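Working notes for the structure below.
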Amino acid sequence: MTLREQIVEATQHRGGLKMQPCLAMDAAWFAAIQEDVRKLQAQRPASDVSSKSHPTNWTNPYGNATQHSLLNATGKTEDTATDHDLKTEGKLFSAPECTAILQLQAAFAGRALNFRLNGLMAKSGLSPHEENVIHGEKLRLRFHLPVFTSEHAVMMLDGESFRFLPGYIYFFNNGCVHSADNGDEEARYHFVWDVFFDEWVEERLCNLNSPLTPEEGLRKLSPAEAAALSRSKPWMIEEYVNYKGQLVKVPENWAAAAS
C-alpha cells in the first residue's frame, strides 16, 4: 500500500500505520527549545483543557491538562478559537520571544494548521477517543515533538502503548483510537501540530528513505532507528468516544500489531 493508504487503513482500525518516528533534532537546538518552553510556561498563559468550553474537553481529560496555542490570529497563547478550523491563512506565531520554538514552527510555515504546546501535569491524561482526519480529498496528519517526558508518560494507539522520547518528531495517527497518560509526578509537555498530507510532507517527514527534511537541524531517522523507537506494549480498552461524541465499543477487528 501507499503511505496514504496505510494511514487510512489505521483510521479504520485494521492495522496500517498508527505512528512512525521520523526526525531527530540537533541537540543544541533542542536544548534551546526546552529553555523556551520553560520561558513560555512562566510568561504566557495556557488554556485549561478541563474547561467545558475548551475544544479538547470532549476527550474527557482527567487531572490537569493545559494547552498553549502558538499559531493564531490574536497572539494570545490561551486563544484556541482557530486551532481546528483547518486553515493556514491569517495565523501568526504567538510567542515571538521564543526564538528556538519559532524556528521549528517556521519550518512548517504555510502548512501548519495549528501549533500547540500540550501539557499533562502529574497523574493526568486524555481518555480514549478517535478524531476525524479525512476531510474530503484531504488527509490531516498530526506530529508530536516530546519536550519534557518520562518513562511513566505513554501514548496509546489502537491496541498498543508507546513511549515517545524527547528530541524526536513522531507521526501520530490521531484517526486511531488514542489516549495519553502521564503517570509521573512531573509535568509532560509535547509540541503538537497538524498538516495536510502532500508530497512535501511525505518526503520530508515520513519517507525514511529520503534524505530531505523540513529544516537544517532536523535529521531523518534510518529505518532501523525508527523501528527501535517504535517498540510497544499491548493496550486494551473496552470503549472510547468517537469524533461525533458518541461512546463506542472497541470493534472486534481491532488490530493490535505486535512490535
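Has the range 106-120 got any residue that is modelled with pLDDT of 95 or more, aromatic (Phe, Trp, Tyr) and in contact with a Leu (Cβ under 6 Å, 6 or more places away or on another chain)? Yes, the range 106-120 contains at least one residue that is modelled with pLDDT of 95 or more, aromatic (Phe, Trp, Tyr) and in contact with a Leu (Cβ under 6 Å, 6 or more places away or on another chain). Scanning the range 52-106 for residues that are within 18 Å of the chain's Cα centre (by Cα) and of a type in the set (A, V, I, L, M) gives ALA65, LEU70, LEU71, LEU86, ILE101, LEU102, LEU104, ALA106. Residues considered: THR88, THR66, THR82, THR74. Of these, the only one that is outside any helix (DSSP H, G or I), out of contact with any helix residue (DSSP H, G or I) (no Cβ under 8 Å at 6 or more places or on another chain), surrounded by fewer than 16 Cβ atoms within 10 Å (Cβ to Cβ) and of a type in the set (Val, Ile, Thr) is THR74. Hey, could you check the range 162-217 for residues that are among the polar types (S, T, N, Q) and part of a strand (DSSP E or B) and say which is nearest to LEU71 (Cα to Cα)? Top of the filtered list is SER179. The test for being surrounded by fewer than 16 Cβ atoms within 10 Å (Cβ to Cβ) and outside any helix (DSSP H, G or I) does not hold for GLY16. If the condition is being more than 15 Å from SER69 (Cα to Cα), part of a helix (DSSP H, G or I) and among the acidic types (Asp, Glu), then the range 19-51 contributes only GLU35.
Residue-by-condition table, conditions (1) surrounded by fewer than 16 Cβ atoms within 10 Å (Cβ to Cβ); (2) over 25 Å from MET25 (Cβ atoms); (3) among the β-branched types (Val, Ile, Thr); (4) in contact (Cβ under 8 Å) with a residue 60 or more places away in the chain:
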position	(1), (2), (3), (4)
GLU186	yes, no, no, yes
HIS190	no, no, no, yes
ASP194	no, no, no, yes
ARG204	no, no, no, no
LEU208	no, no, no, yes
PRO223	yes, no, no, no
PRO234	yes, yes, no, yes
ILE237	yes, yes, yes, yes
VAL241	no, yes, yes, yes
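Screening VAL154 on (1) buried (at least 21 other Cβ atoms within 10 Å of the Cβ); (2) in contact with a helix residue (DSSP H, G or I) (Cβ under 8 Å, 6 or more places away or on another chain); (3) aliphatic (A, V, I, L, M) shows it passes everything except condition (2).
As a summary of the residue check, ALA10 satisfies the conditions (1) within 30 Å of GLU252 (Cβ to Cβ); (2) not in a helix (DSSP H, G or I) except for the one numbered (2). Residues that are modelled with pLDDT of 95 or more, touching a Lys or Arg at 6+ places or on another chain (Cβ under 7 Å) and closer than 26 Å to PRO223 by Cα do occur in the range 124-139, at least one of them.
The values are calculated or read from the model by the stated rules, or taken from the named source; none is laboratory data. A quick note: this is a predicted structure, and the numbers were derived from the prediction, not measured. Neighbour counts run over all protein chains shown; Cβ positions are idealised from the backbone, glycine included.
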